[in-house]
Amino acid sequence: MPMQLKELEIYLNQLLNVDRFHDYCPNGLQVEGRSEVRRLVSGVTASFDFLRAAMLADADVVLVHHGYFWRGEDPCLVGIKQRRIAFLMAHGIGLLSYHLPLDAHPELGNNIQLARRLGFVETGWFGDQNLAMHGTLPPSMSNLKKLRLNVERILSRTPLVIGDDAKPVRRVGWCTGGAQDYFDEAVRLNVDAFITGEISERTVHVSRESGVAFISAGHHATERYGVQALGEHISQKFGIAHQYIDIDSPV
């Protein structure tokens, strides 16, 4: 059965508690499409390749983690932004985007979904707006090499790792996406390793000098799971068809 697009937005805004976050972009409905939703397509980023694939999949609305209208960018609808939004409007496809609220949701968010796939046992949250997590590793990941290989196997991507493979690891911190700025706080929490999507030059030296291993596992690769979980939740709750489409990114 179809549901109204506006009803879906209201439900998601409440579910993800968007009002509690100070974000770099608007969360919720960014581009209005047809009023009734029968088919939802989810993905990480609202790139043109993703939008074209969603159109071919007969999407009424797309649900993404990385949408549009980021703080500090040119607000004019020209170039790439105009092409993307014009495509959505021409095909009557709505765009729902949730950034930090999707990272932090305790059941459907990127961080908890990544933890469950990697086998981490979460013990708490930290960082600005409680976006990052920390926890413990199972005995099967008792050193950095075993942790590294598990990350590579689950994410189907070779991570960039700073640290000695033989290093014992028990406590881990993580935050999906571009969260290398949380590394200093993770070090203060006395974790043995920290996992995020990206790495900065300065991070290498902090890792070496602190003795805390750093794993850069890919921005896209670490943020594929929250939007899938949210899409499946919507499908099961409201009976809407859902399809996740992955547009690979090397970053």
Seminar exercise, completed: Here the gain from full extension of D19 to R208, 0.36 nm per residue of separation minus their alpha-carbon distance, amounts to 64.2 nm
Exercise. Rounded, prolate or oblate: which one fits the chain, using the alpha carbon gyration tensor with axes a ≥ b ≥ c (rounded when a/c is under 1.5, else prolate when a/b beats b/c, else oblate)?
Worked result: prolate
Exercise. So, in nm, how far is label H91 from label E73 when the simple model puts each one 7 Å beyond its Cα toward the Cβ?
Worked result: 1.8 nm
Problem set entry | 5 angstrom amide H check on F194, placed H, neighbours 5+ away | G173, A213, F214, I215
Seminar exercise, completed: Around L137 (Cβ within 13 Å, Cβ-to-Cβ, excluding L137; K/R +1, D/E -1) the net charge comes to +4
For this session: In whole Hz, with x marking every Gly and Pro, tabulate ³J(HN,Hα) for region 234-251 from phi via Karplus 6.51 cos²θ - 1.76 cosθ + 1.60, θ = phi - 60°.
Result: 4, 4, 6, 6, 10, x, 8, 5, 9, 9, 9, 10, 9, 9, 4, 9, x, 8
For this session: Evaluate the relative contact order of the chain (contact order divided by residue number), counting alpha-carbon pairs under 8 angstrom at least 6 apart; express in whole percent.
Result: 21 percent
Exercise. Going highest first, how would you order 26-33, 214-221, 75-82, 121-128 by mean Cβ packing within 10 Å?
Worked result: 214-221, 26-33, 121-128, 75-82
Exercise. Which of rounded, prolate, oblate describes region 84-166, given a ≥ b ≥ c as roots of the alpha-carbon gyration tensor eigenvalues and a/c under 1.5 marking rounded, otherwise prolate only if a/b is larger than b/c?
Worked result: prolate
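No lab work stands behind these numbers, since they all come straight from the coordinates. Note that the coordinates shown come from a computational prediction; the quantities given were computed from them, not determined experimentally. Reconstructed Cβ throughout: ideal geometry from the backbone, glycine too, with neighbour counts over all protein chains shown.
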